[in-house]
1. So, in the range 5-23, of the ones that are touching a Leu at 6+ places or on another chain (Cβ under 9 Å) and part of a helix (DSSP H, G or I), which residue ends up surrounded by the fewest Cβ atoms within 10 Å (Cβ to Cβ)?
2. Quick check, is D261 in a loop (DSSP other than H, G, I, E, B) and acidic (D, E)?
3. Exactly one of these conditions fails for V66: (1) farther than 24 Å from D300 by Cβ; (2) surrounded by fewer than 19 Cβ atoms within 10 Å (Cβ to Cβ); (3) touching a Leu at 6+ places or on another chain (Cβ under 6 Å); (4) β-branched (V, I, T). Give me its number.
4. Here is a check on your reading of the model: is L216 part of a loop (DSSP other than H, G, I, E, B) and in contact with a strand residue (DSSP E or B) (Cβ under 9 Å, 6 or more places away or on another chain)?
5. Please state which one of A309, A248 is out of contact with any helix residue (DSSP H, G or I) (no Cβ under 7 Å at 6 or more places or on another chain), closer than 30 Å to A63 by Cα and either free of Cβ contacts under 8 Å to residues at least 12 places away in the same chain or among the aliphatic types (A, V, I, L, M) (or both).
6. What number of residues within the range 135-156 are among the aliphatic types (A, V, I, L, M), crowded, with 21+ Cβ neighbours inside 10 Å and within 15 Å of L170 (Cβ to Cβ)?
7. Would you check which residues across the range 40-54 are within 30 Å of the chain's Cα centre (by Cα) and either farther than 18 Å from A81 by Cβ or surrounded by fewer than 22 Cβ atoms within 10 Å (Cβ to Cβ) (or both) and list them?
8. Does the range 72-84 include one or more residues that are touching a Lys or Arg at 6+ places or on another chain (Cβ under 7 Å), free of Cβ contacts under 8 Å to residues at least 60 places away in the same chain and assigned by TED's automatic domain parsing to the domain that holds P27?
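The values are calculated or read from the model by the stated rules, or taken from the named source; none is laboratory data. Note that the coordinates shown come from a computational prediction; the quantities given were computed from them, not determined experimentally. Quick reminder, even Gly has a Cβ in these numbers, built from the backbone with ideal geometry, and neighbours come from all protein chains shown.
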Amino acid sequence: MAELRRRFDVTVLPPSRAGGPLADRVPAAVLASTEVLVTELDEVDDATLDLAPGLRLVVSCRANPVNVDLAACARRGIPVATTPGRNAEVTADFTFALLLATVRHLSSAERWLRAGNWSESDVFESYEKFTGIGLGGRMLGILGGGAVGSRVLRRARAFGMTVKVYDPFLPADAFGEEADVVDLDEVLSTADIVSVHVPLTPDTEGLLGRRELALLRPDAYLINAGRAAIIDEGALREVLREKRIAGAGFDVFHREPLSPDDELFGMDHVTLTPHIAGSSADVVVEHSRIAVEAITAWGDGRPIPGLAAAPA
């Protein structure tokens, strides 16, 4: 903010936790004099744009600007900048934390311990009950080799894992000797652990259906800290209910928040977290840095980084 104020007149409004159009809560006089809008949850829709005739740039503090009507901005010739990769590092960290918690049964073990089950009469019960797998020499299958997936790959290699990546937009040698880029079926059928990092698009929604999930080995684990809709919900629940894989870890769900009576809570082989992969102060720092970079580039007349593609 200090950097922006050295060059621009800045008006700061408290952000909305619920989203909704900016036009509904920002004074019309403020929008009328605004040239640049920076927003994360608040929506920039037609009504908002109508109240901001002098608007020249919108910055959405997201990798995918779902809160901005791109078509409406395009009709007015207003570029929309994003903050790509803003949470890539912390999401990769979290993914690996979720992976480790899942394959070593940390959540189940902690619940068991807190419930007072560790007794002097059988100090080895926990050792036998929560036996997990090590990562060295195991195969990690990564779906999506972009900002998060490539960082998860680096972490996996540090743990001594071999890696296969599914990403139809990358060449076979994209990661050199660090990983092989292969087709989806090969990843699913050979990996000890599969981690989901493809973006959610019409082409990737339901990417893992019954046929694909059936390719997973019975001793495999599935991790998703990306987008729930990549996996067909009915097929996934069926696999988990019947314990056709060793376990799973999820930070994202088809309906959020989860209902208190959701069957997932009764599955001890499933680790659950409440959509917190990007919950880090570092994300705010990073998307602020990227937003400032976009705004100063616009102010200097330079190409604006991170522009969202205009709708076809």
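1. The qualifying residue surrounded by the fewest Cβ atoms within 10 Å (Cβ to Cβ) is A23.
2. Numbers: in a loop (DSSP other than H, G, I, E, B): yes; acidic (D, E): yes.
Judged against the criteria, D261 is a match.
3. (3)
4. On the way: part of a loop (DSSP other than H, G, I, E, B): yes; in contact with a strand residue (DSSP E or B) (Cβ under 9 Å, 6 or more places away or on another chain): yes.
Considered against the rule, which asks whether it is part of a loop (DSSP other than H, G, I, E, B) and in contact with a strand residue (DSSP E or B) (Cβ under 9 Å, 6 or more places away or on another chain), L216 comes out as yes.
5. Working: A248 fails: out of contact with any helix residue (DSSP H, G or I) (no Cβ under 7 Å at 6 or more places or on another chain).
The unique qualifying residue is A309.
6. Summing the residues that are among the aliphatic types (A, V, I, L, M), crowded, with 21+ Cβ neighbours inside 10 Å and within 15 Å of L170 (Cβ to Cβ) in the range 135-156 gives 5.
7. To start, the set of residues in the range 40-54 that are within 30 Å of the chain's Cα centre (by Cα) comprises 40-49.
Passing the criteria: E40, L41, E43, D45, D46, A47.
8. Of all residues in the range 72-84, those touching a Lys or Arg at 6+ places or on another chain (Cβ under 7 Å) come to 78, 82-83.
Those still in the list that are free of Cβ contacts under 8 Å to residues at least 60 places away in the same chain too: 78.
Narrowing the set further to residues that are assigned by TED's automatic domain parsing to the domain that holds P27 leaves 78.
Scanning the range 72-84, I find at least one residue that is touching a Lys or Arg at 6+ places or on another chain (Cβ under 7 Å), free of Cβ contacts under 8 Å to residues at least 60 places away in the same chain and assigned by TED's automatic domain parsing to the domain that holds P27, so the answer is yes.
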